[in-house]
Amino acid sequence: MKESEKCMEQRRREMVDALRCNGISNRKVLDAFLKVERHRFFPEDAIALAYDDGAYPIGFAQTISQPFTVAYMTTLLVERAPSGRVLEIGTGTGYQAAILEALGYSVFTVERIFELFQRAERLFARLGLSVACRYGDGTLGWKEEAPFDAIIVTAGAPEEPSPLKEQLAENGCMIIPVGDRRSQQMTVVQRVGEEFRKEEFQQFVFVPLIGSAGWNDIGKGNTD
Ligand code: SAH
């Protein structure tokens, strides 16, 4: 193993220790964070920062989420849907999708920015991951592949998009940050028969979910 790779592995272990100190205790989740090489998903000129517990700009006014946030959402998902098909909205770099694949899920992901979609699709191929990617408005879900055991939305929404609720399997759950443009409350919606049960967790700050069942594009008549 090359010296630089050893160093990355060491830094990854430190990141996982930090996650544990911050309250992430699910063994399977921590193992996935040890396995997935976050630096592969990071902008090349900033690889040295790949294992810091922070969000980082990835271009197009978007960010790769903070490891703690990814771990927090992944834990909520694993606890409610331990296996099956997962739909992610907001591919970004592809890191969250790779974590889900490492956990054994069949992963589907949708991104609305073409360049990010293309970059992630190429990266998945290069890393040998079998994540299915789609370019488009994820607030509409991925009807042809529904139903999903879990849906994870990695951008902040004004409310839970109804097309996504409809694409949940019986007992399926959706993990989604809901709030205004400035901050959002992590929310879990579980489908029980024709009912949707809601649980609310701590506050986070996400880039906006933009689409027909999300926010309008910036400058196009937001009332926020
Ligand atoms: N999960 C990503 C980080 C997400 S940042 C990662 O692991 O790197 C949020 C992403 O959501 C951005 O890439 C943004 O373009 C995307 N996004 C916002 N609204 C969307 C929509 N309606 N459909 C699909 N993607 C959307």
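The values are calculated or read from the model by the stated rules, or taken from the named source; none is laboratory data. Please read these numbers as outputs of a predicted model, since none were measured by experiment. Glycine also receives a Cβ, built like all others from the backbone with ideal geometry; neighbour counts cover every protein chain displayed. Side chains are part of the model used for accessible areas, which takes the heavy atoms of the whole protein and leaves out ligands, DNA and RNA. Shrake-Rupley method; radii C 1.70, N 1.55, O 1.52, S 1.80 Å.
Round to a whole number: what % of the accessible area of segment 53-204 belongs to carbon and sulfur, probe 1.4 Å?
Ligands and nucleic acids excluded, carbon and sulfur reach 47 percent.
Taking the square root of 5 times each eigenvalue of the Cα gyration tensor, what semi-axes in Å does the equivalent ellipsoid of segment 75-146 have, largest first?
They are 19, 15, 10 Å, listed from largest to smallest.
Can you compute the FRET efficiency between residue 3 and residue 52 using 1/(1 + (r/R0)^6), with r the Cβ-Cβ distance and R0 = 25 Å? Round to the nearest 0.05.
Rounded to the nearest 0.05, the efficiency is 0.80.
Given a Förster radius of 30 Å and the C-beta distance between residue 125 and residue 17 as r, what FRET efficiency does 1/(1 + (r/R0)^6) yield to the nearest 0.05?
Rounded to the nearest 0.05, the efficiency is 0.40.
What accessible area per residue comes out for the chain, rounded to a whole number of Å², with a 1.4 Å probe?
Ligands and nucleic acids excluded, the figure is 48 Å² per residue.
Ranked from the most accessible area to the least, with a 1.4 Å probe and all protein chains present, what is the order of 37, 88?
37, 88
Ignoring solvent entirely, what values of log10 I(q)/I(0) come out of the Debye formula for segment 21-76 at 0.16, 0.18 Å⁻¹ when each Cα is a single scatterer?
-0.50, -0.63
As I understand it, the value is the acute angle between the Cα axis of helix 67-80 and the longest principal axis of the Cα atoms of the chain; what does it come to in degrees, rounded to 10?
Relative to the chain, helix 67-80 is tipped by roughly 60 degrees.
Quick one: of 28/143; 35/198; 2/35; 28/198, which pairs are farther than 27 Å apart, Cα to Cα?
The pairs that break the limit, which is 27 Å between Cα atoms, are 28/143; 35/198.
In whole Å, how far is the Cα centre of segment 16-61 from that of segment 95-171?
Result: 19 Å between the Cα centres.
Using Stokes-Einstein with the Kirkwood hydrodynamic radius over Cα pairs, what translational diffusion coefficient do you get for the chain at 37 °C and a viscosity of 0.692 mPa s, in µm²/s rounded to a whole number?
D = 187 µm²/s.
Please identify the trypsin sites (Lys or Arg not before Pro) of segment 157-186 that satisfy two criteria: DSSP loop assignment and at most 11 other Cβ atoms within 10 Å. Which are they?
In loop regions of segment 157-186 (DSSP not H, G, I, E or B), the sparsely surrounded trypsin sites (Lys or Arg not before Pro) are 182.
Specify the residue with the greatest mean-square fluctuation among 197, 80, 119, computed from a Gaussian network of the chain linking alpha-carbon atoms under 10 Å apart.
Residue with maximal mean-square fluctuation among 197, 80, 119: 197.
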